[in-house]
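The values are calculated or read from the model by the stated rules, or taken from the named source; none is laboratory data. Computed from a predicted model, the values in this text were never measured in an experiment. Neighbour counts run over all protein chains shown; Cβ positions are idealised from the backbone, glycine included.
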Amino acid sequence: MIDRKYIGGSCPNIACLPSKNVLHSARIASYFRRGEEFGLPAECHRVDMAAVRARKRTMVSGVVNEMYLENYKQTGAELIFGLGRFIGPKTLEVALPGGKTRHLRGTKCHRQHWYAGCTGCSAWLSRCAATHAYRGA
């Protein structure tokens, strides 16, 4: 599996999930501010943004990153940080941090499709790569 910067991509790390986490905190704060509407006495409630941020970071580092890393370990898939591009049939070139490159050649996946260009799998890169590790060519 090749990820440019974040394990699992941007959605679980900086986009979708963290945003929803912060929005959930805002929704809870809204309920407290409207307490009288729900039969709760009105009192001053403040939002501790440092705690909201800490909750979000705990979710990302604990749930997301640890879960993905554990999945890689269980499947034997290799996690490579870099930017990949196809340079030929079934062949990827990965620009690694630090300026080095690595070439990876695809093999058949669990459905007998080639990794590079597997159109028969709905999530060919993540599922196939998680099922069978890429090996250097």
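Evaluated against (1) at pLDDT 90 or above; (2) touching a strand residue (DSSP E or B) at 6+ places or on another chain (Cβ under 9 Å), ARG55 falls short on exactly one condition, (2).
Against the condition among the small types (Gly, Ala, Ser), in contact with a helix residue (DSSP H, G or I) (Cβ under 8 Å, 6 or more places away or on another chain) and surrounded by 11 or more Cβ atoms within 10 Å (Cβ to Cβ), how does ALA29 come out, does it pass? So ALA29 does not fit the description; no.
For region 1-26, the set of residues classified as among the hydroxyl-bearing types (Ser, Thr, Tyr), within 19 Å of ARG55 (Cβ to Cβ) and surrounded by fewer than 17 Cβ atoms within 10 Å (Cβ to Cβ) consists of SER19 only.
Residues in region 58-98 that are of a type in the set (Ser, Thr, Tyr) and assigned to a helix (DSSP H, G or I) were compared, and the one that is modelled with the highest pLDDT is THR58. Might you let me know whether region 43-59 holds any residue that is under 23 Å from PRO97 (Cβ atoms) and under 14 Å from the mean Cα position of the chain (by Cα)? So far as region 43-59 goes, yes, one or more of its residues are under 23 Å from PRO97 (Cβ atoms) and under 14 Å from the mean Cα position of the chain (by Cα).
Can you name every residue in region 15-52 that is in contact (Cβ under 8 Å) with a residue 24 or more places away in the chain and either under 30 Å from LEU83 (Cβ atoms) or of a type in the set (Val, Ile, Thr) (or both)? The answer is LEU17, PRO18, ASN21, VAL22, VAL52.
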